[in-house]
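J.: Have a look at the structure that comes next, please.
The values are calculated or read from the model by the stated rules, or taken from the named source; none is laboratory data. What you see is a predicted model, and the numbers here were worked out from it, not measured in a lab. Note that each Cβ is placed from the backbone with ideal geometry, even for glycine, and that neighbours are counted across all protein chains shown.
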Amino acid sequence: MLETANSESLRQVGRSPTRSDAADKLTGAAIYVSDMILPGMLYAQVKKSPHARAKIKRIDVSRAERLAGVRAVLTGHDLDYKMGLYVVDKDILAKNEVRHFGEAVAAVAADTLAIAHQAVELIEVEYEVLRPVLNHMDALAPDAPLVHPDLGAYDYVKAVFSPHPGTNIANLSANTPTRRCSTCRWRLMSRSRNGRSATASTSGRARSRRSPCVACSAMRSGCRSTTCG
């Protein structure tokens, strides 16, 4: 659009503008959210899981609640709703089970940041460590634990996702043209690359039609996913 324009007549395109906030950021004068202090403001901290996957057997927040300066302590059971952009599957604070390292299991609001930190350390959580699902091929294995056992009950954006209940598959559109592996019958999404037909495994890597099926090769025992026919 501007290929034939005279560069001398352009005020912004092709030029290096001076950032209006550069001096403040370089000198440390810029104000960030964490620098702001407002009347009556409280400070929050969260207790995080040290495990990739575990059952929450017990959370004791009594010592944190008794600490002077603590205004509120919450666990997942105090927040009876989920959030999510395309699939509403995320607990604000974990309930019953943690699904990744560092997932928040409790939250504290206190008068100072130091008190909030101290209160978090006083929260006791008892876990039963479970086998995690660490990659997409493990998630497709016949004996894979379900990351979200309630996958079929979640609200989701139908134009973007298509969860398959009873599996670890969050998106495999029934409207996508598919073919099946002749060995394990796993559905492989058809793709087009440079005008030629190709196929892709659930990892999204294009393969030749003559290549072995990634699903049954990785599982060895054959694919027994409930999505296979």
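J.: Step by step: first the residues of the stretch 127-152, then only those that are loosely packed, with under 14 Cβ neighbours inside 10 Å and of a type in the set (A, V, I, L, M), then the one that is farthest from K95 (Cα to Cα). Which residue is that?
T.: Filtering first and then ranking leaves L134.
J.: Given the criterion under 18 Å from the mean Cα position of the chain (by Cα) and farther than 20 Å from K57 by Cβ, identify the matching residue among D89, D150.
T.: Going through D89, D150 in turn, just one is under 18 Å from the mean Cα position of the chain (by Cα) and farther than 20 Å from K57 by Cβ: D89.
J.: Look at R71 and say whether it is closer than 20 Å to Q118 by Cβ and in a strand (DSSP E or B).
T.: Yes.
J.: Would you mind finding the one in A104, A72 that is farther than 30 Å from A139 by Cα, modelled with pLDDT of 95 or more, touching a Leu at 6+ places or on another chain (Cβ under 9 Å) and not hydroxyl-bearing (S, T, Y)?
T.: Among A104, A72, only A72 is farther than 30 Å from A139 by Cα, modelled with pLDDT of 95 or more, touching a Leu at 6+ places or on another chain (Cβ under 9 Å) and not hydroxyl-bearing (S, T, Y).
J.: Which is in contact (Cβ under 8 Å) with a residue 40 or more places away in the chain and closer than 30 Å to P149 by Cα, of D60, D78?
T.: So the residue among D60, D78 that is in contact (Cβ under 8 Å) with a residue 40 or more places away in the chain and closer than 30 Å to P149 by Cα is D60.
J.: Just to be sure I understand the filter: pairs with C-beta atoms under 6 Å, separated by 6 or more residues or on different chains, first member in the stretch 116-142 and free of Cβ contacts under 8 Å to residues at least 40 places away in the same chain and of a type in the set (G, A, S), second member surrounded by 13 or more Cβ atoms within 10 Å (Cβ to Cβ) and not in a strand (DSSP E or B). Which pairs pass?
T.: Pairs that qualify, where the first residue is free of Cβ contacts under 8 Å to residues at least 40 places away in the same chain and of a type in the set (G, A, S) and the partner is surrounded by 13 or more Cβ atoms within 10 Å (Cβ to Cβ) and not in a strand (DSSP E or B), are A139/V133; A139/N168.
J.: Just the residues that are in contact (Cβ under 8 Å) with a residue 60 or more places away in the chain, of a type in the set (D, E, K, R) and surrounded by 14 or more Cβ atoms within 10 Å (Cβ to Cβ), please, taken from the stretch 25-57.
T.: Listed by number, the residues that qualify are K47, R53.
J.: Let me ask something else. Given the criteria buried (at least 18 other Cβ atoms within 10 Å of the Cβ) and among the hydroxyl-bearing types (S, T, Y), does T112 qualify?
T.: No; evaluated as a whole, the condition is false for this residue.
J.: Looking at the stretch 57-66, is at least one residue under 22 Å from the mean Cα position of the chain (by Cα), part of a strand (DSSP E or B) and either modelled with pLDDT of 95 or more or over 12 Å from Q45 (Cβ atoms) (or both)?
T.: no
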